[in-house]
Amino acid sequence: MRRLIPLIVAAILFAVDQVIKNWAFDILLPQDQIIVIPGLFYLTYVENRGAAFGILQGQTVLLSVISGILLFAIVLALLLGKIKSRLLVWCVSIGIAGGFGNLYDRVIRGFVVDYFDFSALFGFPVFNFADCLVVGATFVILVYCLKQESSQKGAVEEPGNG
């Protein structure tokens, strides 16, 4: 049961992502954009038929297959207890939620619904909640791995060994 709790949380985050995307599809699509903070933040309906930052446009099948295989492997690793660190378990679970959110869109809609728009200020591509989950989880995992590597190097290279 302990291994299932992070996946249950991932399922809840997936559901939240889908509720927001359905809202964007139903409410934003007819309007295209809602101004939240003028000149800074908008809710803008975008159909992304590629991956992050618009790369691989039109490669929905390829992206779906790669995402599906990767997500299956990660879920399997979680269920088999291959990921030991609690922090990594939770980060991976959050990343799974985002990954499945975008995979679901690609398979069911043929595109990913994006809506967070900071492009007026930063020129950044429009993105969604699932993207935030994936990027946030990946960032924390990266920092964790770099910190682990740094602490392991420090343990190997003790002062006075030369």
Quiz item: Each residue of region 112-129 in turn: what ³J(HN,Hα) in whole Hz from Karplus with 6.51, -1.76, 1.60 and θ = phi - 60°, glycine and Pro shown as x?
Solution: 9, 7, 10, 7, 6, 10, 10, 5, 4, 9, 9, x, 7, x, 5, 9, 9, 4
Quiz item: By average Cβ neighbour count within 10 Å, what is the ranking of 39-52, 60-73 from highest down?
Solution: 39-52, 60-73
Exercise. Return the ratio Rg/(2.2 N^0.38 Å) for region 68-150, where Rg is computed over Cα atoms only.
Key: 1.25
Quiz item: Given a 1.4 Å probe and every protein chain left where it sits, what share in percent of the accessible area of the chain is carbon and sulfur?
Solution: 71 percent
Self-check item: Ellipsoid equivalent to the chain - semi-axes via the Cα gyration tensor, in Å
Solution: 34, 20, 15
Practice problem: Pick out, from LEU28, TRP90, LEU76, the residue whose Cα sits farthest towards the positive end of the charge dipole of the chain, with +1 on the Cβ of Lys and Arg and -1 on the Cβ of Asp and Glu. | Solution: LEU76
Quiz item: Across all directions of projection, what mean area in square nanometres is found for the Cα convex hull of region 55-113?
Solution: 4.3 nm²
Practice problem: Report ³J(HN,Hα) in whole Hz for each residue of region 22-28, in order, from the Karplus equation J = 6.51 cos²θ - 1.76 cosθ + 1.60 where θ = phi - 60°; Gly and Pro get x. | Solution: 5, 4, 4, 5, 7, 9, 6
Quiz item: Magnitude of the Cβ-charge dipole of the chain, K/R +1 and D/E -1, about the Cα centre, nearest 20 debye?
Solution: 640 debye
Self-check item: Per-peptide average of other Cβ atoms within 10 Å, ordering 119-132, 93-106 highest first
Solution: 93-106, 119-132
Quiz prompt | Residues of the chain: accessible area per residue with a 1.4 Å probe, Å² | solution = 61 Å²
Quiz prompt | Per-residue [θ]222 nm for the chain (sum of -39500 (n - 2.57) over DSSP H runs n ≥ 4, rounded to 500) | solution = -20000 deg cm²/dmol
Quiz item: For region 27-99, what is the relative contact order in percent, using Cα pairs closer than 8 Å and at least 6 residues apart in sequence?
Solution: 16 percent
Quiz item: Which is farthest toward the positive dipole end of region 96-157 among PHE100, PHE124, GLY110, measuring Cα position about the Cα centre, with Cβ charges +1 (Lys, Arg) and -1 (Asp, Glu)?
Solution: PHE100
Quiz item: Which angle from 0 to 90°, rounded to the nearest 10, does the C-alpha axis of helix 86-108 make with the longest principal axis of the chain?
Solution: 30 degrees
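The values are calculated or read from the model by the stated rules, or taken from the named source; none is laboratory data. The shown structure was predicted, so the numbers you read here are calculated from the model rather than taken from an experiment. Note: ideal-geometry Cβ built from the backbone for every residue, glycine included; neighbour counts use all protein chains shown. Ligands, DNA and RNA are excluded from the accessible area calculation, which covers all protein heavy atoms including side chains. Shrake-Rupley method; radii C 1.70, N 1.55, O 1.52, S 1.80 Å.
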